[in-house]
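The values are calculated or read from the model by the stated rules, or taken from the named source; none is laboratory data. Remember, it's a predicted structure, so these values are computed and weren't measured experimentally. Here the Cβ is made from the backbone with ideal geometry for all residues, glycine too, and neighbour counts use every protein chain on show.
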Amino acid sequence: MSVHILAVDTETTGLDAYHGNSPFIVTFASNQEDQQDIWSWRVNPLTREVKVPKLEAKEVIRKIEKADILVFQNAKFDIRMIDNLPVKCNWDWSKIHDISISAHLLGSAQNKDLTTQALRWINTNLDPYEKAVKEATDKARRICRTKLFKEEKGEWDIAKDDHPKLPSGGGWKADMWLLEEIAIRAPEFLPEWRDPSTFQVWDPKRDDPKDHPWFSIAEYYALPDSDATLLIFQEHQRRLESLGLLKIYEKRRELLRLVSKIESTGVIVNRFRRDELVDAYVPEVEKCIKRCIGLSEGRLDKVPIQGVSNALRDTVFDHFGLESPKKTPTGNPSLDKEVLDHFLLELRPNSAAHVFIKSLKDFRKRMTAINYMKGYEKFWLPYDEENGDFILHPSLNMTGTTTLRWSSSNPNEQNISKQEGFNLRYAFGPPKEHFWASIDYENLELRIPAYESGEEELIALFERSNDPPFYGSNHLLNFSTIYPDLWDPLLEKYGPENVASEVKKRYKSTWYQRCKNGGFAIQYGSVITENKVSTADKAFGRIGAHQTLKDKFAQLDKLNQSCIEMAQKTGFVHTIPDKEVDPEKGYPLECKRTRWGKVKPTIPLNYHVQGTACWVIMIAMLMVDDYLKTINRKRKGKSQFAIVMQIHDELVIQGPLIDGYEDILKEVSKIMSSVGSRIGIPLRVGCDVHLNNWASGKELSI
DNA sequence: TTCGGTAGCGCC
DNA sequence: AAAGGGCGCTACCGAA
């Protein structure tokens, strides 16, 4: 018998599997059955709970377990949802395929949603189905809000953005089940409907609700999705094979199980430490609001948390007569933090405008922190009440970016502030009797192009990272190059051993900070043009700085040029090939063209480096997970070592505080740096151990 | 009421 | 024509 391929798709009562949302429709498409298979279950409108008969769940699970190949669009979502059925499924991850992984591999810059893919790969337009069911659902929600409640049928629990079971938001899809429930429980509210073929009008008094489209429209919408998924999968496999990309695809597929595991392990956040932070910000925020509103002389009645409201624009630009030196992307006067800093330097201290701007800046900074923490509270679930520990299950998307970076959402675990005075990592940390360890690659995105291009001075810098005067710091090397007038006197006075710390001490928030910004601008692709000061020069505060560094690091520039040339010619750059996966081929990253048909020159090297860096962390995660599994096997039934977060070049490991845990971390660090040999780039990692919270820790020497 | 665009800001 | 890359979240605002 040939291979049985089964595509699976679910419709659910919301996106938040960990907050009790469940599938109410499961559809299958198979390469061996003529008919598609659909399962649909009733939803209790008062509780949003799905009633799945155990026997039916059993049959669904058996069908899944019997297939040779299981195909999903975003597998871990459906899998996690199916896990909420009353019968447990024994997932064999080696059978699971995901068309978002192949879609990314075939065109990393394209949208990976099913509708876009169906259009591109199988020339099918799914839009009309979606439009029809959306329109109906919107109408159904209106009926619930306006009519149903008045008829005392109990308050139907329709989706709202602040619904506790729907922290990701209550979009219309979370209420698709309403259609059938209205048809069954409250058919008198079904809207008028005319059969387009017979022109007969459906009459609630005369006709069977089962003949009204709302009775079955959700299923009708769901069916084409699994069908499309199956066909897209088959098309993708053909393409991958002919392009020789199957080896990379198979490696990427290994991540599915791991990503799912990381999400389910979750991240601990502590209520008490969170409260400490919020309690410190709230009174200061109130003071700032009072000052701003007072000084606006009636123009403001509230201070916008972000963005520029009309009232704020009026106050700053008209009332105070300030002029922004910077424009937003759409050409409006910007009022971001950089502009606020600029105003503060210009204005007379203690003048009304100065106090206003300062208060606005302080307000925004604190509100950002408070809002982040509100977000965490919205998503968290009880974990260890006594210690105040809660758990988050951020969603990780390994195909969410145009490069190989992962994205994280609901909530985003990758943008938790670590700024002085606003270090929200303080609220995060290990549960009782556990440790966290942050292990990050040192200068990962600088090492890659430096070694690849053979840039001797940079290589020397990284090889001798314990040596004065730079101690492996690219920023300090740049500093000595761009600001010799500041560097040389300090070098003379304090000697090569101490000049670095002296520079950082004296110029921490001024020239050293600008130097760092300039360095990042170059790293992220700043371009030198004839008649404009480059972004890097602006950041460095020295005209010509960018050119100086470009001349000094000519090999890097050559690599940049070759990436640009490749991208202009083919529309793709590739990551450095992984010797263990496919020594011939790296991961192709699509560089979108502008509407004038060219790739922006800022993009190719960036994608190449960022993509390679993320390939490295991806392999590291697989290897670290394998290693931790061997440790965990010896600890059956006890708490486990696990990867809990990935922040692009950093992994956070959690584990029990047992004897020898530091040796385990040393081994993890060793594994992580060993990945470099697969791409020919020597890598180093640093490791910080956190026993109480993520903000404070001590370095582990490795 | 819902939605998309804009702005600002956190991370690497 | 313009050139600092990649994300997600929230608030504001005007249009449908």
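Odds and ends about this structure:
- Residue among A:Lys54, A:Lys88 that alone is modelled with pLDDT of 95 or more, surrounded by fewer than 17 Cβ atoms within 10 Å (Cβ to Cβ) and under 29 Å from A:Lys251 (Cβ atoms): A:Lys88
- Qualifying residue in segment A:312-325 (condition: surrounded by fewer than 16 Cβ atoms within 10 Å (Cβ to Cβ), within 26 Å of A:Ala539 (Cβ to Cβ) and near DNA strand B (Cβ under 8 Å from one of its atoms)): no
- Members of segment A:301-357 that are hydroxyl-bearing (Ser, Thr, Tyr) and within 14 Å of DNA strand C (Cβ to nearest atom): A:Ser309, A:Thr315, A:Thr328, A:Thr330, A:Ser334
- Complete set of residues in segment A:430-454 that are within 16 Å of DNA strand B (Cβ to nearest atom) and farther than 16 Å from A:Gly611 by Cβ: A:Trp436, A:Ala437, A:Ser438, A:Ile439, A:Asp440, A:Glu442, A:Asn443
- Residue tally, condition surrounded by fewer than 18 Cβ atoms within 10 Å (Cβ to Cβ) and either in a helix (DSSP H, G or I) or among the β-branched types (Val, Ile, Thr) (or both), over segment A:214-234: 2
- Segment A:403-429, subset in a loop (DSSP other than H, G, I, E, B) and in contact with a Leu (Cβ under 7 Å, 6 or more places away or on another chain), residue surrounded by the fewest Cβ atoms within 10 Å (Cβ to Cβ): A:Ser417
- Breaking point among (1) at pLDDT 90 or above; (2) in contact with an Asp or Glu (Cβ under 6 Å, 6 or more places away or on another chain), for A:Arg299: (1)
- Residues satisfying the stated conditions in segment A:581-615, i.e. crowded, with 23+ Cβ neighbours inside 10 Å and touching a strand residue (DSSP E or B) at 6+ places or on another chain (Cβ under 7 Å): A:Tyr587, A:Leu589, A:Cys591, A:Val599, A:Pro604, A:Tyr607, A:His608, A:Gly611
- Count - residues of segment A:190-213 that are closer than 13 Å to A:Ala136 by Cα, at pLDDT 90 or above and outside any loop (DSSP other than H, G, I, E, B): 1
- Any chance A:Leu340 is closer than 25 Å to A:Phe422 by Cα and within 14 Å of DNA strand B (Cβ to nearest atom): yes
- Residue match in segment A:358-372 (condition: within 9 Å of DNA strand C (Cβ to nearest atom), touching a residue at least 24 places away in the same chain (Cβ under 8 Å), surrounded by 14 or more Cβ atoms within 10 Å (Cβ to Cβ) and under 30 Å from A:Arg80 (Cα atoms)): yes
- Condition met for A:Gly597 (in contact with a His (Cβ under 8 Å, 6 or more places away or on another chain) and either more than 16 Å from DNA strand B (Cβ to nearest atom) or in the same structural domain as A:Leu458 (by TED's automatic domain parsing) (or both)): no
- Across segment A:541-551, the number of residues qualifying as closer than 10 Å to A:Ile482 by Cβ, more than 10 Å from DNA strand C (Cβ to nearest atom) and not in a loop (DSSP other than H, G, I, E, B) comes to 3.
- Output for segment A:79-98, where each listed residue is in a helix (DSSP H, G or I) and charged (D, E, K, R): A:Arg80, A:Lys95
- Subset of segment A:655-687 (residues that are closer than 27 Å to A:Gly637 by Cβ and not hydrophobic (A, V, I, L, M, F, W, C)): A:Gly655, A:Pro656, A:Asp659, A:Gly660, A:Tyr661, A:Glu662, A:Asp663, A:Lys666, A:Glu667
- Screening segment A:512-533 for residues that are modelled with pLDDT under 90 and surrounded by 17 or more Cβ atoms within 10 Å (Cβ to Cβ) and picking the one that is nearest to DNA strand C (Cβ to nearest atom) gives A:Gly525.
- Condition check for A:Leu345 on (1) out of contact with any strand residue (DSSP E or B) (no Cβ under 7 Å at 6 or more places or on another chain); (2) within 11 Å of DNA strand B (Cβ to nearest atom); (3) modelled with pLDDT under 90: one failure, at (2).
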